[in-house]
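Reviewing the structure listed below.
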Amino acid sequence: MAIVFLIMHSVLGFIPVRDGAGWDGSVYVQYVEALAKGLPVVGDPYRSIRISGFIPLVVASYFGASTASLIILQAILNALMLSVAVVVLHDAMIKLSVKSGVATLSVATLACSWMFICMPVFYPILSDHIALAAACVSIWCWVRSYRWMIYILCAFCAWLMPGLFLIPLVLAAFPFHFNQVAEKSRAKLRLTLLWFVILAAPLTVLLLFVIHHVSLSAVSAHSASLNGKTASVDMWMLSAFAILISLYVIIWLGLRLIVRPETWKSLSIYGSFFGVLFFSLSALLMKISFDWNTGFAGPPLLDYLLYQSLAAPFKPLVAHFISFGPVIVLALFACLAWSLGYARPFPTGLIVLFIALLPFLAFGSESRQWIAALPVIVLIYALSDFAWRTRIWCFIFSVLLLVPVFWLKQNLAIAAVKGLGFQTYQWQFYFGRQGPWMSLTTYQLGIILMSVFIAFSLFMHFSKNRHFKEILETESREGQG
């Protein structure tokens, strides 16, 4: 993996913005150099908490490292850290009884995602890459039953990225045991359906009320650059319908968890207590260490989620498909099949975690903000009972989605020099994988690619089932004969 990162960097170079530091990255470098000189960072609590992921850079800057050296050092650290992350995630899969070949192909599919293989060496000064590694380590500690390491990660992850603490916290609350796997059952489907009808109606009314009061001009302007288009407000009714579909899926899956006795049997009061304790102490320290009433304390999350969801029908899913790879679609299908009792059962903690992350994935198109979900998605995919040819198809499609990176460097150099808008053809080689900044043209291309992938996957699935049915019928006739 480290060699692959080196090859990828030779193809991409560093982002041609602020000498390779990037937009947010240049701010982090500024804060790192200030801390190395003993100066405080004030007026930016949202970014200040993330400096905890760049402690090695503070030390390097203290000993005189230049800005360019800090960028190179972080790229090297990212490559090494994520190379180890692949190893521990593969080990976790093996411990979960995933076949060796499936585990290897699954982490290879993970490695072929834009967020994993390109961003850490192309735009290294971001805490996203550390969050990605922390998610892999959290899963590994969970499978290995290193509970105190998970509790420590509950505290540490709160300082890396907002929301990242959810990964170790859920895993702490639902510790893994080899004899503690959710049953493959269709029991209580009627009870789930009853509660679904009861809850869906008022939540639908509430959501439609909120959508009705969203400004379409704000949706159109969200992340648009120099008159670029990131949204199609003419299709806002279709977008609202897509939001409702996403809401119904989340409600259904959540209810399937709640009504299953295995969920409550797997809940650990001991683990929940210590997970919440470590996170709460960390959050309290964060609260008293910074003045959250001054400076940038974070974006308006709920507003941005609505803007991104209303931009175009299923735009968040399209954005994740391009950034994370097609594995997210298969993981979602596997989860739906699990809810109906047709799929291989998953460890309870893992399925709880995946469903807990779904609301953010369903409504937010900025994939990098939810990057910690990627290892969870890949693990769900690895544990699912997909045919080998479907897995190969997923891997091949992941590689195909990476092909445009070979033209990224030259086009971004032109875009940066000419000062083009982010929705132009040149900038879309980068921003086309950053959901809110994705142009309508890139969205249309993405939804076509996703439709092709889904259609061919379904064709392979049903042709496989038809083939098995023919074999069974032949054997039955021979037995009768």
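Please report, in debye to the nearest 20, how large the charge dipole of the range 198-292 is about its Cα centre when each Lys and Arg carries +1 at its beta carbon and each Asp and Glu carries -1 there. Please list the in-between numbers first.
Details: 5 positive and 3 negative charges, 48 e Å.
Computed about the Cα centre, the dipole is about 220 debye.
Residue farthest toward the positive end of the dipole of the chain, with Cβ of Lys/Arg at +1 and Asp/Glu at -1: which of Met81, Leu226, Leu166?
Leu166
Taking the dipole about the Cα centre of the chain, with the C-beta of Lys and Arg at +1 and of Asp and Glu at -1, give me whichever of Phe346, Pro202, Gly38 is farthest to the positive side.
Phe346
If packing is taken as the average count of other Cβ atoms within 10 Å, what order do 238-251, 190-203 fall into, highest mean first?
Answer by packing, highest mean first, reads 238-251, 190-203.
Mind putting together the pair-distance distribution for the chain? All Cα pairs, 10 Å bins, whole percent per bin, short to long.
For the chain, the binned pair fractions read 4, 18, 29, 29, 15, 4, 1, 0, 0 percent.
Compute the accessible area per residue over the range 1-150, keeping the other protein chains in place, probe 1.4 Å, unit Å². If you can, show how the numbers build up before the last one.
Working: 5700 Å² over 150 residues.
Each residue of the range 1-150 exposes 38 Å² on average to a 1.4 Å probe.
Give, in nm to one decimal, the length gained when the segment between Ile55 and Ser289 is fully stretched (0.36 nm per residue of separation minus the Cα-Cα distance).
My answer for the length gained is 82.5 nm.
Under unit Cβ charges (Lys, Arg +1; Asp, Glu -1), what dipole magnitude, rounded to 20 debye, does the range 300-446 have relative to its Cα centre?
Values: 8 positive and 3 negative charges, 67 e Å.
So the dipole magnitude of the range 300-446 works out to roughly 320 debye.
Given Cα pairs under 8 Å that are at least 6 residues apart, what percent is the relative contact order of the chain? The partial results should precede the final answer.
Values: 688 pairs, mean separation 102.2, N = 481.
RCO, the chain: 21 percent.
Which is farthest toward the positive dipole end of the chain among Leu458, Phe406, Pro261, measuring Cα position about the Cα centre, with Cβ charges +1 (Lys, Arg) and -1 (Asp, Glu)?
Among Leu458, Phe406, Pro261, the one farthest towards the positive end of the dipole of the chain is Pro261.
How many angstrom separate the Cα center of the range 348-389 from the Cα center of the range 119-147?
For the range 348-389 versus the range 119-147, the Cα centre distance is 15 Å.
Rounded to the nearest 0.05, what FRET efficiency do Phe241 and Ala68 have when you use their Cβ-Cβ distance and R0 = 56 Å? Don't skip to the answer; put the middle values down first.
Details: r = 49 Å, r/R0 = 0.88.
It comes out at approximately 0.70.
Kirkwood Rh, the range 123-162, all Cα pairs: how many Å? If you can, show how the numbers build up before the last one.
Working: mean 1/r = 0.0952 Å⁻¹.
Averaging 1/r across every pair of different Cα atoms and inverting gives 10.5 Å.
In whole angstrom, how long is each semi-axis of the equivalent ellipsoid of the range 178-303, when you take the square root of 5 times every eigenvalue of its Cα gyration tensor and sort them from largest down? Intermediate values should be presented prior to the final figure.
On the way: eigenvalues 242, 168, 32 Å².
The equivalent ellipsoid of the range 178-303 has semi-axes of 35, 29, 13 Å.
Just need log10 I(q)/I(0) for the range 121-262 at q = 0.15 Å⁻¹, Debye formula, equal scatterers on the alpha-carbon atoms, no solvent, rounded to two decimals.
Reported log10 I(q)/I(0), two decimals: -1.06.
Counting only protein heavy atoms, what percent of the accessible surface of the chain is carbon or sulfur at a 1.4 Å probe? Intermediate values should be presented prior to the final figure.
On the way: 15110 of 21460 Å².
Of all accessible area on the chain, carbon and sulfur atoms account for 70 percent.
Just how large is the dipole of the chain about the Cα centre, in debye to the nearest 20, putting +1 at every Lys and Arg Cβ and -1 at every Asp and Glu Cβ?
Working: 29 positive and 17 negative charges, 142 e Å.
That gives a dipole near 680 debye.
Of the peptides 29-40, 363-374, how do they stack up when ordered by the mean number of other Cβ atoms within 10 Å, highest first? Walk me through the numbers on the way to the answer.
Details: 29-40: 16.1, 363-374: 24.1.
Descending mean neighbour count gives 363-374, 29-40.
Sort 273-280, 168-175 by the packing proxy (mean of other Cβ within 10 Å over each peptide's residues), most packed first. Working shown, then result.
Values: 273-280: 18.1, 168-175: 25.8.
Output ranking for 273-280, 168-175: 168-175, 273-280.
The values are calculated or read from the model by the stated rules, or taken from the named source; none is laboratory data. Note that the coordinates shown come from a computational prediction; the quantities given were computed from them, not determined experimentally. Because the Cβ atoms are built from the backbone with ideal geometry, glycine has one as well, and the counts that use them run over all protein chains shown. For accessibility, only protein heavy atoms count, side chains too; no ligands or nucleic acids. Shrake-Rupley method; radii C 1.70, N 1.55, O 1.52, S 1.80 Å.
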